[in-house]
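What follows is a short report on a single structure.
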Amino acid sequence: MAKKKGGDEKKGAKVFKTKCSQCHTVEEGGAHKQGPNLYGFFGRQSGQAAGYSYSSANKKSGITWADDTLFDYLENPKKYIKGTKMVFAGIKKAPERKNLIAYLKSTCKA
């Protein structure tokens, strides 16, 4: 009876605020910080936000951001894209990653 359930946007907003907002913004036209602005990144290939200096590993990864790729990436960014300059250790708890993805999907939609 394991029903695959999406994340909770409200809980995801809290995850973003505590773990991501120091380095990322989500609003349209938002500034790049240590990490790129995330607005419109769903469905886009990694390393494509205009005006942000990505690592060559990120630009050459060929990853298109979707629920599954983001879910795996957020668990351990440095393992998923070897050579990324993202210093974040990752989110080990699957429900937290699902919640964050739900929030990002609703907030970053172009």
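A few comments on the model shown:
- For segment 87-110, backbone nitrogen atoms closer than 19 Å to the point 7 Å from Gln34 Cα along Cα-to-C-beta are found at 87-92.
- Potential lengthening of the chain between Lys59 and Ser21 amounts to 11.5 nm, from the contour at 0.36 nm per residue minus the alpha-carbon distance.
- Checking the Cα-Cα distances for Lys10/Lys78; Lys5/Lys60; Lys5/Lys59 against a 29 Å cut-off, the pairs over it are Lys5/Lys60; Lys5/Lys59.
- Heavy atoms of Arg44: accessible area, 1.4 Å probe, square angstrom to 10: 60 Å²
- Prolate is the label for the chain, because a/c, from the alpha-carbon gyration tensor with a ≥ b ≥ c as root eigenvalues, is 1.5 or above and a/b exceeds b/c.
- Prolate/oblate/rounded call for segment 71-110, Cα gyration tensor, a/c under 1.5 rounded: oblate
- Backbone N under 11 Å from the Ala50 label point (7 Å along Cα→Cβ), restricted to segment 4-35: 29
- Annotation: Phe16 carries an accessible surface of approximately 10 Å², with a 1.4 Å probe and no ligand, DNA or RNA atoms counted.
- Each peptide in 100-108, 59-67 receives the mean, over its residues, of other Cβ atoms within 10 Å, and ordering these scores from highest gives 100-108, 59-67.
- Share of pairwise Cα separations in segment 4-56, more than 19 Å, in percent: 34 percent
- Dipole moment magnitude, nearest 20 debye, the chain about Cα centre, only Lys, Arg, Asp, Glu C-beta charged: 360 debye
The values are calculated or read from the model by the stated rules, or taken from the named source; none is laboratory data. Predicted model only: the values in this text are computed from it and were never measured. No Cβ is skipped: glycine too gets one built from the backbone with ideal geometry, and neighbour counts run over all protein chains shown. Accessible surface is based on the protein model in full, side chains and every heavy atom, while ligands, DNA and RNA are left aside. Shrake-Rupley method; radii C 1.70, N 1.55, O 1.52, S 1.80 Å.
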